[in-house]
Structure formats: structure tokens, C-alpha cells
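To start, the structure under review is shown below, and the notes come after it.
The values are calculated or read from the model by the stated rules, or taken from the named source; none is laboratory data. Only a predicted model underlies this, so the values are computations on that prediction, with no experimental measurement involved. Positions of Cβ are backbone-derived with ideal geometry, glycine not excepted, and every protein chain shown enters the neighbour counts. Ligands, DNA and RNA are stripped out before the accessible areas are found, and what is left, the full protein with its side chains, is counted by its heavy atoms. Shrake-Rupley method; radii C 1.70, N 1.55, O 1.52, S 1.80 Å.
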Amino acid sequence: MAISMSKKKSKPSKKLETKHHQFSDTLLFKILNRIPLAIFLLILIFLWSSSTTIISGKFVHVCVSSRKLNNLYCLSAGTQPNFEIPIPALNNNISTGIKEVVDIVQEVPDPIVNNGSDGEVAFAVKVVEQQLQVQRSWISNKDHVTSCDGKGIYVYDLPSKFNKDLVGQCGDMIPWTNFCKYFNNEAMGEPLVKLGKGWYHTHQYALELIFHARALKHPCRVYNENEAKLFYVPFYGGLDILRWHFKNVSNDVKDTLGLELVKWLENKESWQKNSGKDHVFVLGKISWDFRRKNDDVSSWGTRFLELDQLQKSIKLLIERQPWHVNDIGIPHPTYFHPHLDDDIITWQLKIIRSNRTSLVSFAGAARPDAPQNIRSILINQCNNSGTNCRFLNCSSGGCDQPESVIELFMDSEFCLQPPGDSPTRKSVFDSLVSGCIPVLFDPFTAYYQYPWHLPEDHSKYSVFIEQEEVRKMKVNIIEKLKKVPLREREDMRRYIVYELLPGLVYGDSNSQLEKFQDAFSITINNLLVRVNKIE
């Protein structure tokens, strides 16, 4: 932001002086004039503590604490506001066969903003669906690893600057809050006693730490690189990004740690052997945060996933980039981390028997700065429906306590899940774990994201309503959901509770699950299938 100043003082005009006197006569001015200086300073300090202003480039970012990072239901997985799915330009010379999908992705030009023609959109969707078919072909048919022969998992002991030191910066990572409380109990957070055994106040960006803790204790972990089939790189890239989000630093600074990691890996024989194809990175933020496209200092995130050296590696994220087959979406961490099979069974029985007195609920906040977002329409329809819909307003702190959200979802038949700053929402998984049928408005929210953890037939666990229909006021959501037969709701809920739920939660680091595969086990088993197919 360039500001020019002149040393020569200009003489104020009479017109300006008149306006000044008129203002000084107003009631507001008289009130402000009576406030003691000390109190006025306290007010300024309070405002500064609840918001952060960053001046960079041509932009002034004002980040208010009730919207950023603390409140998971005001903020979705993304960071940059008014996010739109990019659509690759149509290329008529590209084959669209499933076997050639990797070549398609490599040939598709850089993404453009989602304002392409219907043909471009149709082509993009076709590519995404074919990619998902490829990723589903890596799904393991075995429920559990019966033997570790040929399935060794090597966990790199990285220099501490790539993980542990980042956790150590939790106190000043975000200007208005201490992140350290979220890293207790191996990043599960503080226990939520009210909800029962296995429940914790887990932050949505804790995946990197949770996954690392589990990998260190996996029965197939090996300590000799030559015995390994899969190499896990425990880089906390999401925390690296978080610490720079609200600080005025250059893009070179943002990219430094990722570049140092790549340089460190390139010196390893284990990396050189397969050019990183058998290496996996787990990143606890969305893909877009690691794919910065320009060098404007105001741009979010890093270029980590754009580096040439990482294109062949596997990247697991809470939200994948649709045009990269090696980007794979895995579930957001929920608040539930079971230790034993009985923990899951007890919770299943509790939510299947839950008395759901509300037809619909929505936990979230409006997007007044994003007129194309459908949240305001949904909120209005919900508030005008009487007792049929309950709205939990997150902009006023209503969602700060996880118990309030989980109890709302347990009381509801359907949970509205519109996109926020990006397509995905942690709330989708919270609603599923609570037995509440998610109502989705964008296929990128879930259908095109999680091929290993959600079934291809999305009608088994969700209701889909095209958001354009909502935006044009062609549908009343509440009335539409009323028409879903009770038997259909019950079938969907039973499928969610008994078929999906165990595979959507991450057990604690010492979990002893035998009957169930949790989200971590499913991921590891499928990764082993994937690396076994590497040519």
C-alpha cells in the first residue's frame, strides 16, 4: 500500500472548517469528548485484541476472531474468501479414458476461475469422476492388516524445524488466541466430559499431528529404510502456513521451509529410488493453501504442492485439488476419538436411539461479503419455518462449544451443509458422526473429495440439492426435506451409523480397535495398495 506525503502543509478551506464545526456539535462528538482517555485506550486495546489488521501490498486484511480459525462453523476448511472451484480449459485433443486419467491431469492447463462454458464444466467434472475411479481402485479389500510382510511403513525422523518446532510456536501462531490448548493429548485437545468417553475439543487443523502420532505406533512400522514399502514424511505444512497467515512477510519467507524439506529429501537414497512416488505427505489444510499461483504478497499460502519435485508423491488433505490424481481427500478430524470397539458401539446405540425433535438444523454464519453464497437464503428459510428448523448462529459465538453443535445435530433429522470459504466443511463429518443426514449443495463438498471413506452412491448417506436452485429461489429447503419418507430417513441413518461412522473418526494414538477400521486404518491400508501398484 503506497502512501505519499507532502511536507508542505495545506491551508484548510473554510468549507472544511465549517464541516468540522458541524461535526463537533453532534451528540456523538459530545459523548466521545466526555470519555476519559484511559477508557478510550482500553476500548482500542479490546478492539485490537479481537481483530488483526495487516497491511500488505494493495490490501488491508481485517481478520476478526469470531470469523477466523477459532469458530469452525463460521469458517470452513478454506482461508481466502469467496473461493470458487477452478475449471481447466477444454482440450479436445485429450483422451478421457480412465486408464489415461493421469496423462489428462498432466496435460490440463492451469486452472481458470469457474466461469467457463458448459462444455468446460462438463469436461472438468468428467476428469474428476475418472480420477475418483482411479483412486477407488486403490481401496484395500481387507479389513485389517493380517501380516506386515512386504508392508513396512517408514516414518522419517525429520529435523525438528519441520514439525516439533512448529508446534512450539502455538502460543503466537494466531494473534488473538493461544493454539497450545488444541495440541494437548496428542493434538486431540481437552476432553469433552459431557459428551462421554473418547470426546475431545479437537481443532479442524490438527490432522497432521494426529496422523503422525498414530503412524509412530503402527504395527507395520519399520526402522530400516530398505524394509519399507511406504515412506511417511511428517511435515506439519499446515502449521507452517498458519504461522504466516496473519503476519506481513514475503512469499520467500512463506516458502522457505517447504523448499528446505524438498532439498533434505532429495539427498535421501529412499527418495531417489522412486522419485518420491512411494512417499506420502499428510497436510492438515486444504490443497489450495499449498498452491499459491502468484507472487503478490497479499496472496494466501505457499507453493509447496506446486513444486515439481512433489508431483509424483501422494498428498493426503482434508480437501483435495480436483485436477491432481495424487491429491486424496481424507476426513476432517472430528471431536470423537475412540479407544476401544465398545466406545464406537456405545456411541452408535446412543445416536441411533436419539429422539430427533427437529427436522432440519444449520450451524453456521451468513456470508454478507459473498453475495453468491447461499447461506443467507438458507438462514432466512430456516428462521421462517417455525419449529421445523433450528439455526445456531455461529457469528455470535453460538458454536464455540462443541457440545452445543453435537447436541444440535443429534436432535436433528437433516443438517444443512452449504459451502463456506471453500467447498468442504468439518461440519459434514460432525453431522455424520452425530447421525444427522447431511444436505449438500455442491458436489465438491464431499462427493468429489473422499473416495476411500465415502461411497460412490452418495444417496445412501446424504441429500443433494443444487445450490443454483436455492440461489434462484426455486426451492424451499424445509418443504423439500419434509417430503423425504420416514422409512428412507431411517435407512440412511442406519447406513451412516453402522456402515460409515467407524471409518470417519480417528481413534486415539493408543487405540485398540479390532472389529472396526477407523479413518487412519482405512487410509494406511489403501496407501499400501497404492504403492504396491507403482511401476
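The 1.4 Å probe gives accessible areas that order 253, 193, largest first, as 193, 253.
So what's the gap between the Cα centers of the range 413-491 and the range 340-412, to the nearest angstrom? The range 413-491 and the range 340-412 have Cα centres spaced 13 Å from each other. What the Cβ-Cβ distance of residue 311 and residue 125 gives, at R0 = 22 Å and to the nearest 0.05, is a FRET efficiency of 0.45. Could you pull the accessible area for residue 190 with a 1.4 Å probe, rounded to 10 Å²? It works out to around 80 Å².
Were the residues from residue 474 through residue 532 laid out at 0.36 nm apart, the gain over their Cα-Cα distance would be 16.0 nm. Placing unit charges on the Cβ atoms only, positive for Lys and Arg and negative for Asp and Glu, gives the range 341-504 a dipole magnitude near 600 debye about its Cα centre. Between residue 252 and residue 487, the FRET efficiency from the beta-carbon distance, with R0 = 56 Å, is close to 0.40.
Partner aspartates and glutamates whose Cα lies under 20 Å from the Cα of residue 472, excluding those fewer than 8 positions away in the same chain, are identified as 84, 118, 369, 442.
The charge dipole of the range 143-215, taken about the Cα centre with unit charges on the Cβ atoms of Lys, Arg (+1) and Asp, Glu (-1), comes to about 200 debye, rounded to the nearest 20.
Summarising the label geometry, the points placed 7 Å from Cα in the beta-carbon direction at residue 370 and residue 266 lie 3.7 nm from one another.
Remark: relative contact order (the range 341-504) = 25 percent; criterion is Cα-Cα distance under 8 angstrom and separation of 6 or more residues. Charge dipole (Cα centre; +1 on Lys/Arg Cβ, -1 on Asp/Glu Cβ; no other charges) of the range 446-524 amounts to roughly 480 debye. Taking all C-alpha pairs of the range 368-495, those more than 19 Å from each other amount to 49 percent.
Between residue 273 and residue 396, the contour length at 0.36 nm per residue exceeds the alpha carbon distance by 39.0 nm.
What FRET efficiency comes out for the pair residue 225/residue 142, r = Cβ-Cβ distance, R0 = 30 Å, nearest 0.05? E(calc), rounded to 0.05, equals 0.75.
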